[in-house]
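Take a look at the structure set out below.
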Amino acid sequence: MTNLQNNGPISLTPGSKIVGKWNRIPYQIKYMLGSGANGTVYLASSQNGNVAIKISKESTNITNEVNVLKKLSQVQGSILGPSFIDVDDFTHPYTREPLYFYVMDYIEGQNVFTFLQKNELEWSCVLIAQLLSKLELLHEQGYIFGDLKTDNLIVTTGPHSIQWIDVGGVTPIGRAVKEFTEFFDRGYWELGTRKAEPTYDLFACAMILIHLHCKKQYTKNGKGINQLEEIINQNKSLTLYKTVLLKALTGKYTSAVQMKKDLLMCEQKRVRKQPVHYPQTSQNNKIKPAQHPQSASRIANKKNKKKHYWFETIILVLLAALGYALYFYYQL
């Protein structure tokens with residue numbers, strides 16, 4: 001990940017406690033979840049369970065991300081990221097350095113690669129389609145995700161859903177992208193600028209799909225789109241999505257919805273091409289040869305006679321019972 005600011009990881013000992021200066025809410029550090037240019041994220045326990053805490057040396061970084069979380073929480077009908085819980089500052093217990101932090105709910109889930117190893121690779125298309133739906137809502141709010149990459153995504157359980165877990169790269173549309181990772185950055189591949197616009201995120205989506213299928217990050221060789229097309233052609237599972245990938249990589253899509261629609265159409269074609277496996281019929285369940293019409297007619301007549309026989313028997317029994325009932329009635 002690249003950023004003009006790089007404060008380095010903020011070290012806190014597992015088990016140490018931090019208490020907000022203003023809100024006085026205590027949190028106990030468990031372990032580090034990750035570290036980036038804008039701060040370090042820890043898993044911590046609170047009075048209400050596990051939470052994720054992002055700590056930074058720069059108050060502006062924390063303020064900006066809190067504003068983004070609050071903005072995303074106002075979007076109805078979809079979860080666009082972790083929910084904001086608390087914001088405060090404290091003094092580092094050892095260095096006595098002032099630090100700033102915000103607290104968000106901890107989203108439990110699996111790394112995307114781990115999830116795909118346990119399930120089918122075809123799930124990658126479903127996950128990217130879910131991601132595109134979230135991006136469309138984010139773009140409608142006037143932001144792009146910016147630093148979109150596999151490390152910033154997890155898959156939750158029951159039902160499986162893709163979620164992003166770090167909003168540090170979220171940038172208002174029209175500004176310069178403030179945080180990026182080279183492999184997922186169109187500027188690195190010389191296929192566009194680092195201006196914050198929807199096409200920037202869609203490029204990253206295409207690179208995520210390539211990363212999931214190839215399981216490696218490539219270094220550019222100066223050929224730009226030709227190199228990426230060669231990578232797609234060399235991977236059989238990616239060739240089905242080639243048209244969609246190339247359109248996203250060259251900025252041909254104007255919205256996430258368009259890319260999602262084309263991606264799902266490719267997936268439908270893949271499903272149709274799969275061979276249909278019919279269940280084998282056991283010896284006992286084999287289909288019997290068709291009977292001769294006359295033979296079938298005789299069998300039908302026998303069945304009808306049996307039905308009439310039982311019907312007549314039931315009528316006689318009912319009449320007999322009625323007779324006995326009347327007899328005893330008049331004897332009383």
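Observations, loosely collected:
- Cα gyration tensor category, rounded, prolate or oblate, for the range 110-271 with a/c compared to 1.5: rounded
- Rounded to whole Hz, the Karplus (6.51, -1.76, 1.60) HN-Hα couplings of the range 233-242, x for glycine and proline: 5, 7, 10, 4, 6, 8, 4, 5, 9, 4
- Over 24 Å (Cα to Cα) - which of K118/K247; K149/K261; K71/K247; K195/K223; K30/K54 fall in this group: K118/K247; K71/K247
- Mean separation of Cα pairs under 8 Å and 6 or more residues apart, divided by the residue count, gives the range 17-105 a relative contact order of 25 percent.
- Rounded is the label for the range 205-253, because a/c, from the alpha-carbon gyration tensor with a ≥ b ≥ c as root eigenvalues, stays below 1.5.
- Across the range 17-105, Cα-Cα pairs farther apart than 14 Å form 64% of the total.
- Cα gyration tensor shape of the range 84-146, rounded if a/c is under 1.5, else prolate or oblate by comparing a/b with b/c: oblate
- Distance between the range 28-58 and the range 150-178 - C-alpha centres, whole angstrom: 17
No lab work stands behind these numbers, since they all come straight from the coordinates. Predicted, not measured: the structure shown is a model, and the values here were computed from it.
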